[in-house]
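**Student:** This is the structure, below, for whatever I ask next.
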Amino acid sequence: MATKKVSSADFTKALAIGRPPTITRLFPHSKALIVSGKVVDRAMIVKGKAIAMAANGRNQFVIRGVLRAAQRANAAVIIEIAKSEGGAKAYCAVNFWNIALFVDAICNELGITIPVAVHADHYGIKNEKDLTTAKSEIPTLFEAGMTSVAVDASHLPDDANLLANIALHPYIPHWAGLETEVGEIKGAEGLSTVAEALFLIQGLNAHDIFPDWIALNNGTTHGIEEKDSGIQVSLTADIHQALERYKISGAQHGTSGNSSERLLQIAKNTHTTKANVATALQMISWGVQVNDYGNAILDAEGKFSKVQGAGVSAELWTEMEAYAQSKSWKKGDYKNLNLPFENKLLAQPKEIRDRMAKAVEDFAYGMMMEVFNSQDTAPLAVEAILQAGSYDLGPKVSRIENPAEWTESKMRERAKHLDSGKGQAGNFDD
């Protein structure tokens, strides 16, 4: 049960000083405590062995349900959308440029008083064209209300990954939460190594860039999985231990496909403070049955097991399945139903809309309380703001590395000696 609550006086103070300037400009009269991702990370660190849920808000029901769950759990939380979900080629109606609007509106409607960060996840950089686009596009994300971003150039060779992170840093506000990534997320292929992670973080440190989180390929995957592929807890712990002096937290991607027990081990044995939950929340909002791994359960005919009286109406689900079949979509492609069916989902009777959000709420609340240990972190986040006297908590570490040892030519030479493999080719965006 939640114990310590944020006092109304402290909440009022935090609201006055804790919202970044972009948020106060966008929502000048708001009572929603939208904060930098740094604030959420610090709260988890102070509690210890705690992970913030980073919920991919593919639809408004997911956003609503997770915010309610966080309020019940008294937990700081992150609402996010990835580039594939909500970028320029989005498959969701919720996108990079409107997600903060939804978060703010729902927080005010429901009287949400816990701190919420809004995160642009997996801002992917796969080539020079992506890098050029990012320099003009990333500022627009923050103008639209993002308070945190993940620069994901993990698809590139290690030296190009590092250089892309350095090149994009001037376009990210200094107060914003920052995530970086090493090793593409693709299961057992191309696992991240200690050497790769050190190379990336040391190179960034030498250039006065201090990420809040690092995401790894630690054996997990994105999307719908037919099997428990498995996060490698020991690998994660080894990498986090090697990075301890750089005070960087872990970001766990692809939680769907991993049991509660394995996620508990990540919380207990690593420095992870952020865990993305995407596909499971989407499926739950639709009324598809999921197991403890967050994977959708299939019926005897190999179709998704739709729970009677849960999620979308039976009639709408039949229409959604027929649409997917007409496109010859596989199970992992059902995420593409989000955009064409957004308005039909919103046009359902209130009773159905409410049960969609409530199912997400109950699932998310259980994870926050029983797996992520993030309950009662809201007061810790508020305390971090009040102690700093600002929305900007600053970095957790100062420069350790010598910039002279991390010039572009030396980075490229170092990278030649890294033992790393990218694994199989493929599309592993989410």
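Every read-out reported here was derived from the displayed coordinates using simple, explicitly stated rules and does not represent laboratory data. As the structure is a prediction and not an experimental result, all values here were calculated from the model. Here the Cβ positions follow ideal geometry from the backbone for every residue, glycine too, while neighbour counts run over all protein chains shown.
**Student:** If the elastic network links every pair of Cα atoms under 10 Å, which of TYR123, TYR323, TYR365 fluctuates the most in the Gaussian network model of the chain?
**Tutor:** TYR323
**Student:** Take the Cα pairs of segment 109-148, get the Kirkwood Rh, then feed it into Stokes-Einstein at 10 °C and 1.306 mPa s and tell me D in µm²/s.
**Tutor:** Result for D is 133 µm²/s.
**Student:** I need the semi-axes of the equivalent ellipsoid of segment 68-123: take the C-alpha gyration tensor, multiply each eigenvalue by 5, square-root it, list largest first in whole angstrom.
**Tutor:** For segment 68-123, the semi-axes come out at 23, 12, 8 Å.
**Student:** Which pairs in the list LYS38/LYS335; LYS4/LYS268; LYS327/LYS350; LYS129/LYS344; LYS38/LYS135 are over 24 Å apart, alpha-carbon to alpha-carbon?
**Tutor:** Working: LYS38/LYS335 30 Å; LYS4/LYS268 22 Å; LYS327/LYS350 30 Å; LYS129/LYS344 36 Å; LYS38/LYS135 22 Å.
With Cα atoms farther than 24 Å apart: LYS38/LYS335; LYS327/LYS350; LYS129/LYS344.
**Student:** Within a Cβ distance under 14 Å of PHE61, other residues only, what is the Lys/Arg minus Asp/Glu net charge?
**Tutor:** Combined, the nearby Lys, Arg, Asp and Glu give +2.
**Student:** Could you tell me the extents of segment 39-173's C-alpha atoms along the three principal axes, largest first, rounded to whole Å?
**Tutor:** Taking max minus min along each principal axis of the Cα atoms, segment 39-173 gives 44, 35, 22 Å.
**Student:** Name the GluC sites (Glu not before Pro) in segment 286-347 that are in a loop by DSSP and that have at most 13 other C-beta atoms within 10 Å, would you? Display every interim value, and only then the final one.
**Tutor:** Details: sites: GLU301, GLU315, GLU319, GLU321, GLU342; in loops: GLU301.
Passing both the DSSP loop test and the Cβ count: GLU301.
**Student:** Which FRET efficiency value, to the nearest 0.05, do you get for LYS5 and VAL194 by plugging their Cβ-Cβ distance into 1/(1 + (r/R0)^6) with R0 = 41 Å?
**Tutor:** The value I calculate is 0.50.
**Student:** What FRET efficiency, computed as 1/(1 + (r/R0)^6) with R0 = 30 Å and r the Cβ-Cβ distance, is obtained for SER234 and ASP354, rounded to the nearest 0.05?
**Tutor:** Given R0 = 30 Å and the Cβ-Cβ separation, E is 0.10.
**Student:** Please compute the length gained on full extension between ASP362 and LYS89, using 0.36 nm multiplied by the number of residues separating them and subtracting their Cα-Cα distance.
**Tutor:** 95.2 nm is the gain from fully extending ASP362 to LYS89.
**Student:** Let me ask something else about it. Excluding same-chain residues fewer than 8 positions from LYS5, which lysines have a Cα within less than 17 Å of its Cα?
**Tutor:** Here the lysines satisfying the reach criterion relative to LYS5 are LYS13, LYS31, LYS47.
**Student:** Between THR113, THR193, THR133, which gets the highest mean-square fluctuation from a Gaussian network model of the chain, Cα cutoff 10 Å?
**Tutor:** Answer for the Gaussian network model of the chain: THR133.
**Student:** Using the alpha-carbon centroid of each, what span in Å lies between segment 338-381 and segment 1-69?
**Tutor:** When both Cα centres are located, 16 Å separates them.
**Student:** Here's something else I'd like to know. Sort the following peptides by mean Cβ neighbour count (other Cβ atoms within 10 Å, averaged over residues), highest first: 28-40, 231-243.
**Tutor:** 28-40, 231-243
**Student:** Looking at the chain, what % of the alpha carbon pairs are farther apart than 28 Å?
**Tutor:** Every Cα pair in the chain considered, those over 28 Å come to 45 percent.
**Student:** Where does the Debye-calculated log10 I(q)/I(0) of segment 208-352 sit at q = 0.16, 0.18, 0.20 Å⁻¹, using only Cα point scatterers of equal weight, no solvent?
**Tutor:** -0.87, -0.99, -1.12
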